[in-house]
1. For Asn190, are the conditions met, namely being modelled with pLDDT under 95 and either under 25 Å from Pro225 (Cα atoms) or more than 14 Å from the ligand (Cβ to nearest atom) (or both)?
2. So which of Ile74, Ile52 is within 17 Å of the chain's Cα centre (by Cα) and either surrounded by fewer than 17 Cβ atoms within 10 Å (Cβ to Cβ) or away from the ligand (no atom under 16 Å from the Cβ) (or both)?
3. Which pairs have Cβ atoms under 9 Å, sit 6 or more apart or on different chains, and link a residue in the range 78-94 that is basic (Lys, Arg) to one that is assigned to a helix (DSSP H, G or I)?
4. Quick test of your reading of the structure: Met205 fulfils all but one of (1) surrounded by fewer than 22 Cβ atoms within 10 Å (Cβ to Cβ); (2) of a type outside the set (Asp, Glu); (3) more than 16 Å from Ser73 (Cα to Cα). Name the failing condition by number.
5. Among the numbered conditions (1) open to solvent by 10 Å² or more (accessible area, probe 1.4 Å); (2) more than 18 Å from the chain's Cα centre (by Cα); (3) within 16 Å of the ligand (Cβ to nearest atom); (4) β-branched (Val, Ile, Thr), tell me where Thr139 comes up short.
6. What's the number of the condition Asn234 fails, among (1) open to solvent by less than 10 Å² (accessible area, probe 1.4 Å); (2) away from the ligand (no atom under 16 Å from the Cβ); (3) over 27 Å from Asp64 (Cβ atoms)?
7. Quickly run through the range 1-42 and pick out the residues that are more than 16 Å from the ligand (Cβ to nearest atom), modelled with pLDDT under 95, part of a loop (DSSP other than H, G, I, E, B) and closer than 27 Å to Leu68 by Cβ.
8. Any residue in the range 196-204 that is in contact (Cβ under 8 Å) with a residue 12 or more places away in the chain, part of a helix (DSSP H, G or I), away from the ligand (no atom under 11 Å from the Cβ) and over 26 Å from Gly97 (Cα atoms)?
Amino acid sequence: MGNPEDLEIVPSSFPEVLKDLHSQYKSLEEGVVANYIPELAKVNPNLFSICIATVDGQIYEVGDYQQLFTIQSISKVFVYGQALEDHGRDYILTRVGVEPTGEAFNAIILDEQSKRPYNPMVNAGAIATTSLIKGSGPTERLNRLLDMYRRYIGRDVFVDISVFTSERSTGHRNRATAHLMLNFGMIDQNIEEALDLYFQQCSVMVNCRDLAVMAATLANKGINPITKEKAVDNRYIKDILSVMYTCGMYNFAGEWAYNVGIPAKSGVCGGIIAVVPNQMGIGVFSPLLDVRGNSVRGVKVCEQLSQRLGLHLFDCSRQEGI
Ligand code: GLN
């Protein structure tokens, strides 16, 4: 990857590439919107936006980039970072592993030996991670997460109450997962409180531009490239990006690593973030999902961006820079 100083980013090609990809894929109507959370089923399936934020603070966007939606599982990345800051790597590793599952995001499984959830990017691991967020009570814990989002995004965010209550009243699978972890002592606080916080972190409203800026903050050593505020300690970036790389796209993580080759995370909202270390963050939003819960257009767009901009981390044949 080299030094960011050595890289010649050619932003003039970005608007063109984004426009191309948007018009190429806007007619692709494969997939279905998430409907297991009733409130999510109401989304307009045609929404589509792509955004790139560079580490030097430039933003390129196309489509419905101001449209707000709930962040869903993309939250897991940032809450994992907060938990690492709250407790340090060694302790977090005793509670949540770093092994891909090869299973769906909501699989009710724990590691046979350690009883830990496999990784923080699947629901089990994310609920465990959320339960570790420090705070004197539910309000302080939620406020700490909202402040964390503010640092990454650069503005105040809020929880969409209808999505939150929709998830809370139908999230029996997540409740079952939490009970399994309680059984093995992997969650030690009141599980309803942990689940509420988890549902709230998933129900925070963001737009595609926010996703790109959040990803760019991870690409930029934890510093928001627009506000210059530190969102997360640089020492945890490699932990966060490593689990994104191996586990962020669930049971598609291997193919994603092979074809796209950059750390990423998807959510059932239809959002995807992807991080090109020291260069840029990418956000894509399109609610039509494949069977694994990843945005159909989002995956295609990232594959194309990786190819056209030469982003695969292990592609030694590409020219230095973009
Ligand atoms: N809130 C969702 C859930 O727990 C998040 C899942 C996702 O985005 N993959 O089911």
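1. yes
2. Details: Ile74 fails: either surrounded by fewer than 17 Cβ atoms within 10 Å (Cβ to Cβ) or away from the ligand (no atom under 16 Å from the Cβ) (or both).
Going through Ile74, Ile52 in turn, the sole match is Ile52.
3. Final answer for the pair search is Arg89/Arg235; Arg89/Tyr236; Arg89/Asp239.
4. Among (1) surrounded by fewer than 22 Cβ atoms within 10 Å (Cβ to Cβ); (2) of a type outside the set (Asp, Glu); (3) more than 16 Å from Ser73 (Cα to Cα), Met205 violates only (3).
5. Result: Thr139 fails condition (3) only.
6. (1)
7. Passing the criteria: only Pro11.
8. Within the range 196-204, the subset in contact (Cβ under 8 Å) with a residue 12 or more places away in the chain is 196-204.
Cutting the leftovers down to part of a helix (DSSP H, G or I) gives us 196-202.
Next cut, away from the ligand (no atom under 11 Å from the Cβ) only: 196-197.
Checking the rest, the ones that are also over 26 Å from Gly97 (Cα atoms) come to none.
Scanning the range 196-204, I find no residue that is in contact (Cβ under 8 Å) with a residue 12 or more places away in the chain, part of a helix (DSSP H, G or I), away from the ligand (no atom under 11 Å from the Cβ) and over 26 Å from Gly97 (Cα atoms), so the answer is no.
The values are calculated or read from the model by the stated rules, or taken from the named source; none is laboratory data. Everything numeric in this text was worked out from a predicted model, so none of it was measured. Quick reminder, even Gly has a Cβ in these numbers, built from the backbone with ideal geometry, and neighbours come from all protein chains shown. For the accessible areas, the whole protein counts, side chains as well, though only heavy atoms, and no ligand, DNA or RNA atoms are used. Shrake-Rupley method; radii C 1.70, N 1.55, O 1.52, S 1.80 Å.
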